[in-house]
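K.L.:
The structure follows.
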Amino acid sequence: MFRPLATALTIALTLTGGVALAQQGPLRIEITEGVIEPLPFAAPGFIAENGAAQQYAADITRVIAADLAGTGLFREIPASAHISRVSSFDAPIAYNDWKAINAQALITGAVSASGNQIVVKFRLFDIFSGQPLGEGLQFAGTPDTWRRMAHKVADAAYSRITGETGYFDSRVVYVQESGPKDARQKRVAVMDYDGANTQYLTDSSSLVLAPRFSPNGSQILFTSYASGFPRIYLMNMQNMQVRALDEQPGTMTFAPRFAPDGRTVVFSLEQGGNSDIYTLDTQSGQRRQLTNSPSIETAPSFSPDGSQIVFESDRSGTSQIYVMSAGGGEARRISSGEGRYNTPVWSPRGDMIAFTKQNAGRFHIGVMRTNGSEERLLTASFLDEGPTWAPNGRVLMFTREGAGASGQASLYSVDISGRNLKQVPTNGPASDPAWSPLLP
Amino acid sequence: MTMISKGLLLVAVLGLAACNNPGRFGAGGAGGAGAGGQYGQGGYGAGGIGQSGLGGPNDPTSTAYFQQTLGDRVFFSYDQSTVDDAARQTLTQQAQWLNQNPNYAIIIEGHADEKGTREYNLALGARRASSAQDFLISQGVAPSRMRTVSYGKERPVQVCSSEDCYAKNRRAVTVLSQGAGM
C-alpha cells in the first residue's frame, strides 16, 4: 500500500557544504534520439556508516544500479573494474581513475541506520567535466522504505542526466493469474514497478479485470464479477474498502479510468448488447452519457489536461481510435492505418497516445501523436495488449500472452523508441498492468 | 442477489450432472454439451449444492436434454454477432423448450475468442448474448425471464490457438436456473 508518504519518507535535504553548481552539466542523454550506446556509469557500494547499515547499503546500491541499467540507457561498469575505491562519502573524487575506466557518471553514497530510521545520502558526478552534477541529496525513512529510497536516488540520477522526470519510485497494479486458460483465476495485485513487494488486493473468488490507479495513487478502479455480472468497483488503498460504483440492473459496466480530477470516472456501460461511454461523478453519483451509437464504444482514456477523451469504436466497421471532447459530442477518428486499433491511452505528458493494434494475425503495441500522425509500432507478437504509461511518458508496460495452453500471460515493458523490450518479473502469470503516478 | 444465488445453485447442480455423464464433452451431440462442468469448478465456486432429479438427456423435460440434445449454445463468426442459420435452428428449438418449461429463468452468456483485446471482447460478448436473446424473444420467450452476461475472452472452453478452437469459443450459451420471474 502507499503509506502516507510524508510520514514514510522525508526527502531531499540539501547536503551542506556543497558548491553551487550548474543545473545542467554537459553529461546528458537525449531519450528521444534513440540511444545507441548506453552511458557507462559506476556505482561503487554505498558506504555503510555503521554496522546496522551494512546490508541496506549493499541492497540500496544494487537497486540503484539495476534501476539505471534496466532502462537500457545506462550500462554499469562492474566493481571489479574500478581502480579508485571510495572510502568515505566526503572523500575527494579521483576523476582520473574513473575516466580511465571510461565511467561517464559516478554515483557515490552512504547509508546509516539507527533505531527506526535509515538515512541515505548520495552524490552524482560528471567524470569528464570533473565536477558534481547537481547537489548532494539525502533521504530519510523507516527501514521498510529502503527500496523506495534507492528508487528515489536512481530517479534523481536519471533525471539529472536525461532531463526527464524519473519513474522508478512508482507502483504497478495488475491482475495476477493462476490456473489453466479455461479455468483462470484472477486477483488484483500491486507491486513496485520492478516487480518487488507484491501485495494482493482481492482474493480469487471473483473474476477481476483491468485495475487502474487514481491520479494520486490512493484509489484503484477495477471490474469484478462479484455480483455475477461485470461491474466497476472502487477500492480505497488505505483501508482496502471496496464499493460498487454503478449498479443499474440489466447493465454491464467495464473499462473504467479516472479523469485527472481524481473524482470523475469514465467507463463503458452496456445495455441491450450496446456499449457506450459514460462518466460518473464518484462523489455525487451523477452519471452522464457521452456517446450514443449502436456500435461498440469502449476503452476511454482522458487527456492529462482533462479536456478530451480518446476511445475506441467500431462505428466504421472495425475498431478504430477516436477523440472527443470530455463532455462528449462529435468524435474525430485519428487512426488511419490498416488493421484494428484498441485500448488507446493518453500519455501523461499529453503528447502521444499508446494503443493496441491487431493486423494480419499479429498484435502490436504502438504510439502515435494525438492527431494520429507518426504512428510507430513498438512490438509484435501473438498477443500484445493494453499498454500503460510510465509516469514520465517514456516507457510502456503491457500484457503479452502466448498461444495455446502453455502461453500464459506476462508483463513486458518497452521504451517508446521501441528499444529495451523486456519481461517484468512477477509471481506467476500476470496481465492488465496499470502504472501509478510517480510517488511523492 | 437472490436471483443470482439461485442461478449459481443450479449451475453447480448442472456441473455435477455433467461430471457424472461419461460423455460430457460432445457425446451428447447437438452442438456439444458440458458447460456445467466448467462453470461448476470455475469462478462461481460450488458451494451449497442441492440435489434434485434432473433427468437424463433422453428426458425431454430435463435440463440435460436442453443442454445436450437441443444444444445450449450457438456459435458466431470472427468479430460477428449475427445469428446465422445454424444458430437460428438451435435457438428456435431452445425457444420451444423454454416456452414449454416456463419455470426456468435464463442467463445468456456471451463469449469471444482470444483474438481481441479484453474490453472489446467484453463488448462483443455482450452483443452476442444480446443477439441470442433477441432471437429467443422473437420466438416468444418472455424478456422478463432472461438476462445476459458477457465473459469476453475470459472463459474459453477450448484453449488451443487455432481456428477450430476459436470457433467453439465464439459462443452464446443459454444457462438455465430454476425459478422464473427474475
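The values are calculated or read from the model by the stated rules, or taken from the named source; none is laboratory data. Treat the numbers as computed from the prediction; the structure is a model and nothing was measured. Neighbour counts are summed over all protein chains in view; Cβ atoms, including those assigned to glycine, are modelled from backbone coordinates with ideal geometry. These area figures cover heavy atoms from the full protein model, side chains too; ligands, DNA and RNA do not enter into them. Shrake-Rupley method; radii C 1.70, N 1.55, O 1.52, S 1.80 Å.
K.L.:
Using alpha carbons only, how many degrees (0 to 90, rounded to 10) separate the axis of helix A:146-162 from the longest principal axis of chain A?
P.N.:
The angle comes out near 90 degrees.
K.L.:
Based on alpha-carbon atoms only, what is the radius of gyration of segment B:78-182 relative to the globular estimate 2.2 N^0.38 Å?
P.N.:
With N residues counted in segment B:78-182, Rg over 2.2 N^0.38 Å equals 1.06.
K.L.:
Determine how large the accessible area of residue A:90 is when every protein chain is in place; take a 1.4 Å probe and give Å² rounded to the nearest 10.
P.N.:
Taking all protein chains as shown, residue A:90 has close to 110 Å².
K.L.:
Which residues' amide hydrogens lie under 5 Å from the amide hydrogen of residue A:303, considering only partners 5 or more residues apart or on another chain, with H built in the peptide plane?
P.N.:
Excluding prolines and chain starts, which carry no amide H, the hits are A:308, A:309, A:310.
K.L.:
Ignore the peptide's own chain and count Cβ atoms of other chains within 10 Å of each Cβ in A:268-276; give me the average, rounded.
P.N.:
Across the residues of A:268-276, the mean count of other-chain Cβ atoms within 10 Å is 6.
K.L.:
Let me ask something else about it. For segment A:83-235, which whole-number percentage of the solvent-accessible area (1.4 Å probe, protein heavy atoms only) is attributable to carbon and sulfur atoms?
P.N.:
C and S fraction of accessible area: 46 percent.
K.L.:
Starting at the first residue of segment A:262-268, write each ³J(HN,Hα) from the Karplus equation 6.51 cos²θ - 1.76 cosθ + 1.60 with θ = phi - 60°, in whole Hz, x for Gly and Pro.
P.N.:
x, 10, 8, 10, 9, 7, 9
K.L.:
Could you give me the ³J(HN,Hα) list for segment A:345-362, computed from phi with Karplus coefficients 6.51, -1.76, 1.60 and θ = phi - 60°, whole Hz, x at Gly and Pro?
P.N.:
Along segment A:345-362, the couplings run 9, 6, 5, x, 7, x, 8, 9, 10, 8, 7, 9, 10, 10, 8, 6, x, 10 Hz.
K.L.:
Test of understanding: extend the Cα→C-beta vector of residue A:100 to 7 Å, then name every residue of segment A:61-89 with backbone N under 18 Å from that spot.
P.N.:
The answer is A:77-87.
K.L.:
While we're looking at this one, here's another question. In vacuum, with every alpha carbon of segment A:389-440 counted as one equal point scatterer, what does the Debye formula give for log10 I(q)/I(0) at q = 0.13, 0.16, 0.29 Å⁻¹? Two decimals, please.
P.N.:
-0.34, -0.50, -1.14
K.L.:
Placing +1 on the Cβ of each Lys and Arg and -1 on the Cβ of each Asp and Glu in segment A:196-335, which of A:296, A:283, A:205 has its Cα farthest towards the positive end of the resulting dipole?
P.N.:
After comparing all options, I get A:283.
K.L.:
What list of ³J(HN,Hα) values in whole Hz, one per residue of segment A:406-420 in order, does the Karplus curve 6.51 cos²θ - 1.76 cosθ + 1.60 (θ = phi - 60°) give from phi, with Gly and Pro shown as x?
P.N.:
Coupling constants for segment A:406-420: 8, x, 5, 6, 8, 9, 10, 10, 8, 5, 5, 7, x, 8, 6 Hz.
K.L.:
Non-local amide H neighbours of residue A:39 (under 5 Å, H modeled in plane, Pro and chain starts lacking H): which ones?
P.N.:
Hits under the 5 Å cutoff: A:74, A:75.
K.L.:
Taking amide hydrogens as modeled 1.01 Å from N in the peptide plane, which residues meet the under 5 Å criterion relative to residue A:131, leaving out close sequence neighbours?
P.N.:
A:126
K.L.:
Roll a 1.4 Å probe over the protein chains and send me the accessible area per residue for chain A in Å².
P.N.:
Counting only protein heavy atoms, the per-residue value for chain A is 37 Å².
K.L.:
Any chance you could check segment B:140-182 for residues losing 20 Å² or more of accessible area when the partner protein chains are in, compared with the chain on its own (1.4 Å probe)?
P.N.:
B:147, B:148, B:149, B:150, B:151, B:153, B:154, B:155, B:156, B:159, B:161
K.L.:
Also, quick follow-up: Using Cα atoms only, what is the angle between the long axis of helix A:54-70 and the major principal axis of chain A, expressed in degrees (0 to 90) to the nearest 10?
P.N.:
For A:54-70 against chain A, the angle is about 60 degrees.
K.L.:
Do the alpha carbons of any pairs in A:357/B:153; A:152/A:181; A:357/A:422 sit beyond 27 Å of each other, and which pairs?
P.N.:
Going by Cα-Cα distance, A:152/A:181 fall outside the 27 Å limit.
K.L.:
Please report the carbon-and-sulfur percent of the accessible area for segment A:237-320; probe 1.4 Å, protein heavy atoms only, DNA, RNA and ligands left out.
P.N.:
Result for segment A:237-320: 40 percent of the exposed heavy-atom area is carbon or sulfur.
K.L.:
What does the convex hull of the Cα atoms of segment A:293-440 come to per residue, in Å³, rounded to a whole number?
P.N.:
Taking only Cα atoms, segment A:293-440 has a hull volume of 122 Å³ per residue.
K.L.:
What number, in percent, do you get for the relative contact order of segment A:382-440 if the mean sequence gap of Cα pairs under 8 Å and at least 6 apart is divided by its residue count?
P.N.:
With pairs under 8 Å counted, the relative contact order is 33 percent.
K.L.:
Between residue A:66 and residue A:316, what is 0.36 nm times their sequence separation minus the Cα-Cα distance? Round to one decimal in nm.
P.N.:
Residue separation times 0.36 nm, minus the Cα-Cα distance, leaves 85.4 nm.
K.L.:
Same structure, new question: Where the eigenvalues come from the Cα gyration tensor of segment A:190-349, what are the semi-axes √(5λ) of the equivalent ellipsoid, largest first, in whole Å?
P.N.:
25, 18, 16
K.L.:
Stokes-Einstein D for chain A at 25 °C, 0.890 mPa s, Kirkwood Rh over Cα pairs, in µm²/s?
P.N.:
106
K.L.:
Further question on the same structure: Can you pull the mean other chain C-beta count within 10 Å for peptide A:227-233?
P.N.:
For this peptide, the per-residue mean of nearby foreign Cβ atoms is 4.
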